[in-house]
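The values are calculated or read from the model by the stated rules, or taken from the named source; none is laboratory data. None of these values were measured; they are calculated from a predicted model. For neighbour counting, all protein chains shown are included, and Cβ atoms are generated from backbone atoms with ideal geometry for every residue, glycine included. For the accessible areas, the whole protein counts, side chains as well, though only heavy atoms, and no ligand, DNA or RNA atoms are used. Shrake-Rupley method; radii C 1.70, N 1.55, O 1.52, S 1.80 Å.
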Amino acid sequence: MPDFPLPGAAALAPLAEAAARADELGGLQPGQLDLLHREGWLTLLAPRAVGGGEWPLPAVVRLEEAVAAADGSCGWFLTLCAGAGWFAGFLPPELARDILAAPRVCLAGSGAAGGWADRDGDGWRISGHWGHATGAPQASHFTFNARLREQGRPLLDALGQPRVRAFVVPARDVQWQPSWHSIGLRASASHAFGIDSAWAADAQAFDIDPARATAPGPLYRFPFRALALATLAANLLGLARHFMALAEPVVQARTTRRGDAGGAVLAGVQAQHQALTQARTAFYAALDDAWRRLDAGQPLEAGAAGPLEAESFRLARTTRELFAAAYPACGLLAADPRSELNRVWRDFHTATQHALWMG
């Protein structure tokens, strides 16, 4: 465990207390947002030199687990928006500093190549539509991928495929569109957004590549896929821990009334909980080992991050197995959309639909 301050349950209480209301209204509540901004958590992955927190990645992932355990939507909002803030380490420092100086800065975005960027002078003319951007209503800036064109012709890479670059633009250039109707993570407000012929300077285009990082720290040498998988896995872990804290007393009470048959059900749920504990330990061991190597100046190419990616997938699989075992044992309370059990179940099964979990 890295020596870095992490909040306890009392500090996270405002997130949990507003969770039901946020889920009902489809957006994080003022007290939740105030806490995220006050603590600087939405910029904890941005370089310290330009105004970010530049936390060690193991501390970031543990924080995201804790926040997700308090409220799934808050955990998802923090993970995706802070993740977009990480891109500040790949921007020109002057631009990154200006972005992070924005009042209540929050970066939302999409990894899909949902639009086109046409060469226009010393910049790009951008138009397109992107399907999901967590935190869109709160965003001060948006990041996204776009395919490149020049004089109407797609620019191609060495494999003959359309070239794609990432961009960052201020929210004033974006029109977000209410489109988030998922059963869970409702308060994450992961709405669609569009851009209609907005101009972006060359400096607003960047490459998510450790070799192209503009910040020197180990955080910006971490392979993107491994970082994304680890942070998303932390959300599944936090949600699974929250669910088990609610479910185990319910399962205990229901199975006690069923004698031996109930005991077998309870034993199965407890075995899955133990498997989760083991998977969590292995996951953090892989994360901490990868971080120690980078922090010591050793290279960590994408292939060398394989153990962390494998443990992230193992953790995701274990959380799914836990929900599959525990949910049926909770009875109709877990099926009631007004219950906390059901909200956590809905949040978890929405989080598992992220494209990265397809492998």
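This model, with +1 at the C-beta of Lys and Arg and -1 at the C-beta of Asp and Glu, gives region 297-359 a dipole about its Cα centre of some 220 debye. Counting Lys and Arg as +1 and Asp and Glu as -1 over every other residue whose Cβ lies under 14 Å from the Cβ of residue 356, the net charge comes to +1. Could you look at region 5-89 and say what percent of its accessible area is carbon and sulfur, using a 1.4 Å probe and all protein chains? So the carbon and sulfur contribution to the accessible surface is 57 percent.
Taking all pairs of different Cα atoms in the chain, averaging 1/r and flipping that mean, what Kirkwood radius in angstroms comes out?
Working: mean 1/r = 0.0472 Å⁻¹.
Answer for the chain: a Kirkwood hydrodynamic radius of 21.2 Å.
About its Cα centre, the dipole of region 94-179 is roughly 140 debye, where the only charges are +1 on Lys and Arg Cβ and -1 on Asp and Glu Cβ. At a probe radius of 1.4 angstrom, the accessible area of region 47-124 per residue rounds to 29 square angstrom. Note on region 98-132 and region 211-248: Cα centroid distance 23 Å, given to the nearest whole angstrom.
P(r) tail for region 169-286, what percent of Cα pairs lie past 18 Å? Before the final figure, lay out the partial values.
Values: 5041 of 6903 pairs.
Distances greater than 18 Å cover 73 percent of the Cα pairs.
Toward the positive end of the charge dipole of the chain, with +1 on the Cβ of Lys and Arg and -1 on the Cβ of Asp and Glu, the farthest Cα among 278, 43, 29 is that of 278. With both partners inside region 22-157, how many of the DSSP beta bridges are antiparallel, as a percent to the nearest 5? Roughly 50 percent of the beta bridges in region 22-157 run antiparallel, per DSSP. Accessible-area rank, largest first, for 345, 130, 176: 176, 345, 130, with all protein chains present and a 1.4 angstrom probe.
Residue order by solvent-accessible surface for 202, 122 is 122, 202, largest first, with ligands and nucleic acids left out and a 1.4 Å probe.
Note down the magnitude of the dipole of the chain about its Cα centre, charges +1 on Lys and Arg C-beta and -1 on Asp and Glu C-beta and zero elsewhere, to the nearest 20 debye. Walk me through the numbers before you get to the answer.
Working: 31 positive and 34 negative charges, 114 e Å.
Once rounded to the nearest 20, the dipole reads 540 debye.
Here each label is just a point 7 Å from Cα along the line to Cβ, and for residue 37 and residue 355 those points are 3.1 nm apart.
Per-residue ellipticity at 222 nm, computed for the chain from helices alone with -39500 (n - 2.57) per DSSP H run of at least four residues, works out to -15000 deg cm²/dmol. Here residue 250 sits with roughly 30 square angstrom of accessible surface, probe radius 1.4 Å.
Within region 4-151, the proportion of C-alpha pairs whose separation exceeds 21 Å stands at 48%.
Taking Lys and Arg as +1 and Asp and Glu as -1, the other residues whose beta-carbon sits under 12 Å from that of residue 343 total -2. At a probe radius of 1.4 angstrom, the accessible area of region 262-359 per residue rounds to 48 square angstrom.
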